[in-house]
Amino acid sequence: MKRIALLAVIALAALPLSAQVVKLDVGTTFSSMQDDTPTHNFTNTLVGNSLTLGVDWLENSWYYLSSEAGYITTGGIDRIDIVEGTGLPIEEIDWRMQRHNIHFNTTFRAKLGGKKFHAYLGVGPKLDIPVKTTMNQYLDDVDDVSFIKNEVMFGLKAEVGVAYNFNDVRVGLNFAYLPDLTRQASFLNQTTRNDIFKLGISVGYIFR
């Protein structure tokens with residue numbers, strides 16, 4: 001798994017050599033966990049964020065490739081009841097589990113439009129490498145090891161968006177769905193996967 005992640009980093013680092021646009025994307029993520037158990041832990045939506053640096057390359061009149069690397073948060077929220085004897089208020093609380101990931105993706109984008117403006121549909125693979133898991137502050141004594149079993153999470157990215165070129169600057173708006181295909185242990189070692197939606201805004205420089 002580590003070799004695969006290293007190859008992804010090397011391949012993405014070489015892409016600027018053929019890049020036509022270099023861009024920065026800032027986004028908001030809406031993530032929840034999906035599992036096959038009756039308890040369905042952390043299946044409520046957790047709002048997070050993402051920050052990626054990417055390139056658009058091999059662009060022509062009707063398609064191009066888009067590759068990104070950066071940071072994305074995933075996870076979910078569970079509703080739990082605090083019971084007597086814990087020293088905490090007796091109430092129902094939101095139990096947040098948030099994973100911090102190094103993120104990679106490459107999508108094939110089909111274009112519709114002209115030189116100034118175009119809309120696109122894209123699809124391709126994505127890869128998340130969890131580096132840390134955090135809980136609510138007063139629940140942080142849970143062992144992080146039980147939350148990270150797979151070092152690399154594979155999945156898909158399906159997206160729709162628009163881009164507008166202002167001279168040498170490209171501004172874009174993107175909505176993406178990024179489901180995991182591999183499963184990962186979460187609370188009590190149940191196997192789960194992430195369903196992630198992301199809304200992002202990007203600004204890039206166009207090489208002439």
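Report the gain in length on full extension from LYS115 to ASP94: 0.36 nm times residue separation, minus Cα-Cα distance, nm rounded to one decimal.
Taking LYS115 through ASP94 to full extension adds about 2.8 nm, to one decimal.
Taking the highest mean first, how do the peptides 46-52, 72-78 order by number of other beta carbon atoms within 10 angstrom per residue?
Details: 46-52: 18.4, 72-78: 24.1.
Peptide ranking by packing, descending: 72-78, 46-52.
If you add up the charges near ASP168, with Lys and Arg at +1 and Asp and Glu at -1, over every other residue whose beta carbon is less than 15 angstrom from its beta carbon, what do you get?
+3
ARG96 accessible area, nearest 10 Å², 1.4 Å probe?
100 Å²
The values are calculated or read from the model by the stated rules, or taken from the named source; none is laboratory data. All figures in this text were calculated on a predicted structure; none of them were measured in a lab. Note that each Cβ is placed from the backbone with ideal geometry, even for glycine, and that neighbours are counted across all protein chains shown. Just the protein is used for accessible areas: all its heavy atoms, side chains included, with ligands, DNA and RNA removed. Shrake-Rupley method; radii C 1.70, N 1.55, O 1.52, S 1.80 Å.
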